[in-house]
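Undergrad: Quick one: the structure is below, and I'll ask about it shortly.
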Amino acid sequence: MKQFVFFLLIISLFHLSKDISISSSESPIKISGIVKSKDVSLGNTQVSFINSENEIFSTQADFAGRFSIYLPKTKYRIVAEKFGYRLENPNKMMQNFLKDGNEKSLVIEMIKFPSVVEGRILNQDGEPIPKASVKIKAGENTIDIQANEFGIFNSETPSGLVSIFATKSGYFGNGVAVLLEEEILRNNITIMLQKKLHSISGVVSDGVEAMQDLEILLIDRNSNFILQKTKTNNIGFYELLDIPSQKNVLLKIKGTDKNEDFISQSIKVDSNIKNYNIFLVK
C-alpha cells in the first residue's frame, strides 16, 4: 500500500514539473514604440494592452513619447490615454502578437480633442441678447454661428489664440480674445454689447412761422408707451435723444386753438434723423 501511494506521488510530481516547464518556456514579447500626434511626440502618455480576459498591462511613455513593455504573446486591444487627446483610429488598435518574434515596434497616433468655447451675449443691463451673430477665429479657421434665444453660444474650435466677435442689429459690435491651452472647455466667456442710441431732430412750424413751446411726445409704436417728451425752443427746433436703434416710433403733438393734433407716420430709427421737420395744419 505504501509503495502504491509513493508511485502515485511520483506520477503527480512528474506532471507538475512538466506543466511548469511548458509555462516557463513561453518567452514574452518586447513591445516598444512611440506615441505621436502628427509630428509631435506625446510624452507621459499611458499605454495599456488589454487581452481577451480583460487583463490590463500598462506602461507610461517617457518625456519623448517612447515606451516599452514585455507581454505574453496573445491578442490585445491597445488604449492610449493623455489629457486633451484621443486615439486617431481606435477601431484599428487591435494587435495579434502570437505569430511575431521576440520584439515588435509600434507607432501610436493620437489626435487632439478640439476645444469648446461657450459663452453669453448680454446688453449693458446684463440681459441676454437673443440671436446675436458670433464669429470665431482661430488661426486661419473662421466659424460663423448664432447665439440662441437666451444669448448663449457654443462651438468647437482649435486650441491656441481664439478671437470671438459678436454683432447684433441695433448694437455696437464687441469681442474678446482667449488663449486656449490644453483646455477641453472654456465656458465663462461673456461679451457685452452696447445698444446704439440715435436722435430725431427738426423744426416745427405752421408753414409760415416757427412754433415754440410745443410739447412733442415720442411714442413706442408697438406698445403706445411714451418714451420721452421735449419742447420746441424759440425758433421751433426740437431734438429727441437716446432713442434705441431699430425702434419703431411715432411723434405726437397735441393740437392747440391754432392747430390740429399731429401724429407722424411710423418712423424706424436705425440712424440719427435730422431735419425731420413738422408742418402743423391750422
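The values are calculated or read from the model by the stated rules, or taken from the named source; none is laboratory data. Since we're looking at a predicted model, the values are computed, not measured. Because the Cβ atoms are built from the backbone with ideal geometry, glycine has one as well, and the counts that use them run over all protein chains shown.
Undergrad: Being among the basic types (K, R) and under 30 Å from I145 (Cβ atoms) narrows it down to one residue among K99, K82, K36; which is it?
TA: K82 is the lone residue from the list that is among the basic types (K, R) and under 30 Å from I145 (Cβ atoms).
Undergrad: Being β-branched (V, I, T) and in a strand (DSSP E or B) is the filter; apply it to segment 113-131 and report the residue that is nearest to the chain's Cα centre (by Cα).
TA: Restricting to residues being β-branched (V, I, T) and in a strand (DSSP E or B), the top hit is V117.
Undergrad: With segment 132-210 as the region, which strands (runs of 3 or more DSSP E) entirely inside it contain at least 2 residues that are crowded, with 17+ Cβ neighbours inside 10 Å and polar (S, T, N, Q)?
TA: Those strands (runs of 3 or more DSSP E) span 152-157.
Undergrad: Follow-up question, since we're still on this one. Please go through segment 201-224 and give me each residue that is more than 12 Å from N248 (Cα to Cα) and aliphatic (A, V, I, L, M), ordered by number.
TA: V203, V204, V208, A210, M211, L214, I216, L217
Undergrad: Additional query: Taking segment 218-233, which residues are out of contact with any Leu (no Cβ under 7 Å at 6 or more places or on another chain) and either touching a residue at least 24 places away in the same chain (Cβ under 8 Å) or not assigned by TED's automatic domain parsing to the domain that holds K268 (or both)?
TA: The answer is N222, and nothing else.
Undergrad: Within segment 86-95, is even one residue under 30 Å from I152 (Cα atoms) and either surrounded by fewer than 16 Cβ atoms within 10 Å (Cβ to Cβ) or not β-branched (V, I, T) (or both)?
TA: Yes, segment 86-95 contains at least one residue that is under 30 Å from I152 (Cα atoms) and either surrounded by fewer than 16 Cβ atoms within 10 Å (Cβ to Cβ) or not β-branched (V, I, T) (or both).
Undergrad: I'd like the residue in segment 239-282 that is among the aromatic types (F, W, Y) and in contact (Cβ under 8 Å) with a residue 40 or more places away in the chain and, out of all such residues, is surrounded by the fewest Cβ atoms within 10 Å (Cβ to Cβ).
TA: The qualifying residue surrounded by the fewest Cβ atoms within 10 Å (Cβ to Cβ) is F279.
Undergrad: Another question, if that's okay. Just give me the residues in segment 223-238 being part of a strand (DSSP E or B) and loosely packed, with under 13 Cβ neighbours inside 10 Å, in sequence order.
TA: Answer for segment 223-238, where residues must be part of a strand (DSSP E or B) and loosely packed, with under 13 Cβ neighbours inside 10 Å: I226, K229, K231.
Undergrad: Out of K104, K99, K82, I need the residue that is without any contact (Cβ under 8 Å) to a residue 60 or more places away in the chain, assigned by TED's automatic domain parsing to the domain that holds V40, touching a strand residue (DSSP E or B) at 6+ places or on another chain (Cβ under 7 Å) and farther than 30 Å from P244 by Cβ. Which one?
TA: K82
Undergrad: Next question, about the same structure. Can you report the number of residues in segment 25-80 which are part of a strand (DSSP E or B) and over 16 Å from L106 (Cα atoms)?
TA: Summing the residues that are part of a strand (DSSP E or B) and over 16 Å from L106 (Cα atoms) in segment 25-80 gives 1.
Undergrad: Sticking with this structure for a sec: Within segment 87-112, how many residues turn out to be in contact with an Asp or Glu (Cβ under 9 Å, 6 or more places away or on another chain) and part of a loop (DSSP other than H, G, I, E, B)?
TA: 2
Undergrad: Taking only segment 201-245 into account, find how many residues are of a type in the set (K, R) and closer than 17 Å to N259 by Cα.
TA: 1
Undergrad: Select, from G160, G175, G151, G202, the only residue that is of a type in the set (G, A, S) and modelled with pLDDT under 95.
TA: Exactly one of G160, G175, G151, G202 is of a type in the set (G, A, S) and modelled with pLDDT under 95, namely G160.
Undergrad: Could I ask something else about it? Mind checking which pairs have a first residue in segment 128-151 that is over 18 Å from N174 (Cβ atoms) and in contact (Cβ under 8 Å) with a residue 12 or more places away in the chain and a second that is polar (S, T, N, Q) and outside any loop (DSSP other than H, G, I, E, B), Cβ under 9 Å, 6 or more apart or different chains?
TA: Matching pairs, first to second residue: A138/S115; A138/T157; A138/S163; N141/T157.
Undergrad: Output the residues belonging to segment 112-130 that are surrounded by 13 or more Cβ atoms within 10 Å (Cβ to Cβ), more than 16 Å from N188 (Cβ to Cβ) and not polar (S, T, N, Q).
TA: Correct list: K112, F113, P114, I129, P130.
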